[in-house]
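Note sheet for the following structure.
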Amino acid sequence: MAGLQKRVLNGLFEEALHDSGWRALMLPPTDVFPARFQLTQGTESFTVSLYIWTISHGGGAARAAKEYRIQITDGGKSLTQFVPEQDGKTLIIGWWPEAQVFAGFDYAHHTGPLGKSPSIQVGEDALRKAATDGMAVHTRGNGEIVIAFRPEFMGTYVAQMEDLHKIGISEQEVALLGRIVSEPASVTDKEIGAQADPSHQRTMVNVRRAARAYRFSARVLVAYGHRCAFCGVQLRLLDAAHILPVAHPGSVDKTENGVAVCALHHRAYDNGLITFDHKSKIHVNEEAVAELKAQGLDGGLKQFTDGLRKQIVVPAKPADQPKAAIIRQANKHRGWKKL
């Protein structure tokens, strides 16, 4: 199978980062390999050099049936050495189109000359396990730990890559990581403290947070048909918002506590400009509107309100629909006195 063009692979990398809550700015010049990006999430920011290839089988009959690889080339010629990103991170990434998963290889094992016709291997089992569970570990014969993961975990992988590659050394930690990504709600802080090396516990907690967010988001967006409950837009501009905020002690990662919202209405909902009641009716905060008008910040108000439905569209399955008690509690928390 022919490899994808670098611009396509770079785009998949950027899209995966966006889906996992990060921003990626390609740095000039933009037509060179490896591509360089400035990655940002909140107050965290760093530069990366991205070496990325399509994962393929290749190698003919001599290669094991379940052994896949990236071929280390640039413009058809083999690379002689990876150039490290000074004061940043060097990413060696593979993309497997068949299962729509990435594999991250450990740069620490590839700092020297690469030799003739270089390639780096990853097992098919890990790639397929990542497709179903979110993340999986493959140990190469030279001791390198390869991390396979779904696109939604790209931000987590990049931010925690140094520790993730070390976690694979311990069978106990590998098993714990597998539980965290497949059933994040079932793994407690106590278990992480008991089973993970102290230097890896923060990484385990961060992976659990990402896994919970991903699973919650996936369930909510599917339940709402990938449409904003407030306006019906799709266009891949959607978030899964918690009705009762995550910080509230009564908040849960169940679909009944979620609503699909576009970026605009997510911001408006979180800021208390709009909400919905236990009968699904949408409300606009008239006090907030009056304040905006007084400050001369009401531009686009009519278009905004005209774009709202009269009531949110709820999922077809009763079990996925927002619960009245949760809605009332959330509105009280957000200061809606009459709801």
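The values are calculated or read from the model by the stated rules, or taken from the named source; none is laboratory data. Note that the coordinates shown come from a computational prediction; the quantities given were computed from them, not determined experimentally. Cβ placement follows ideal geometry from the backbone for every residue including glycine, while neighbour counts extend to all protein chains displayed.
If only one of Ala148, Ala159, Ala126, Ala130 is buried (at least 17 other Cβ atoms within 10 Å of the Cβ), within 20 Å of the chain's Cα centre (by Cα), in the same structural domain as Thr80 (by TED's automatic domain parsing) and not in a helix (DSSP H, G or I), which one is it?
Ala148
Listed conditions (1) more than 25 Å from Ala130 (Cβ to Cβ); (2) out of contact with any Ser or Thr (no Cβ under 7 Å at 6 or more places or on another chain); (3) not polar (S, T, N, Q) are all met by Leu79, apart from (2).
Would you pick out the residues in the stretch 187-220 that are in a helix (DSSP H, G or I) and small (Gly, Ala, Ser)?
Gly193, Ala194, Ser199, Ala210, Ala211, Ala213, Ser217, Ala218
For the stretch 175-195: of the residues being crowded, with 16+ Cβ neighbours inside 10 Å and touching a residue at least 24 places away in the same chain (Cβ under 8 Å), which is farthest from Thr139 (Cα to Cα)? Only one residue tops the list, namely Pro184. Is it the case that some residue within the stretch 32-41 is aromatic (Phe, Trp, Tyr) and surrounded by fewer than 17 Cβ atoms within 10 Å (Cβ to Cβ)? There is at least one residue in the stretch 32-41 that is aromatic (Phe, Trp, Tyr) and surrounded by fewer than 17 Cβ atoms within 10 Å (Cβ to Cβ). For first residues located in the stretch 142-154 and under 23 Å from Arg215 (Cβ atoms), partners that are in a strand (DSSP E or B) and among the β-branched types (Val, Ile, Thr) and lie 6+ apart or on another chain with Cβ distances below 7 Å form the pairs Ile147/Val137; Ala148/Val101; Ala148/Val122; Phe149/Val101; Arg150/Val101. Exactly one residue among Leu164, Leu114 is under 30 Å from Ser217 (Cβ atoms) and either of a type outside the set (Phe, Trp, Tyr) or more than 18 Å from the chain's Cα centre (by Cα) (or both), and that residue is Leu164. In a loop (DSSP other than H, G, I, E, B), without any contact (Cβ under 8 Å) to a residue 40 or more places away in the chain and either of a type outside the set (A, V, I, L, M) or closer than 17 Å to Phe216 by Cβ (or both), is that true of Lys279? So Lys279 fits the description; yes.
Among the residues of the stretch 50-70, is there at least one that is in a loop (DSSP other than H, G, I, E, B), assigned by TED's automatic domain parsing to the domain that holds Asp133, within 21 Å of the chain's Cα centre (by Cα) and closer than 17 Å to Val146 by Cα?
Scanning the stretch 50-70, I find at least one residue that is in a loop (DSSP other than H, G, I, E, B), assigned by TED's automatic domain parsing to the domain that holds Asp133, within 21 Å of the chain's Cα centre (by Cα) and closer than 17 Å to Val146 by Cα, so the answer is yes.
Residue count for the stretch 259-272 under the criterion of being buried (at least 21 other Cβ atoms within 10 Å of the Cβ), within 20 Å of the chain's Cα centre (by Cα) and without any contact (Cβ under 8 Å) to a residue 60 or more places away in the chain: the result is 3. Within the stretch 222-237, does at least one residue satisfy the condition of being of a type outside the set (Val, Ile, Thr), within 18 Å of the chain's Cα centre (by Cα) and surrounded by 17 or more Cβ atoms within 10 Å (Cβ to Cβ)? No, the stretch 222-237 contains no residue that is of a type outside the set (Val, Ile, Thr), within 18 Å of the chain's Cα centre (by Cα) and surrounded by 17 or more Cβ atoms within 10 Å (Cβ to Cβ).
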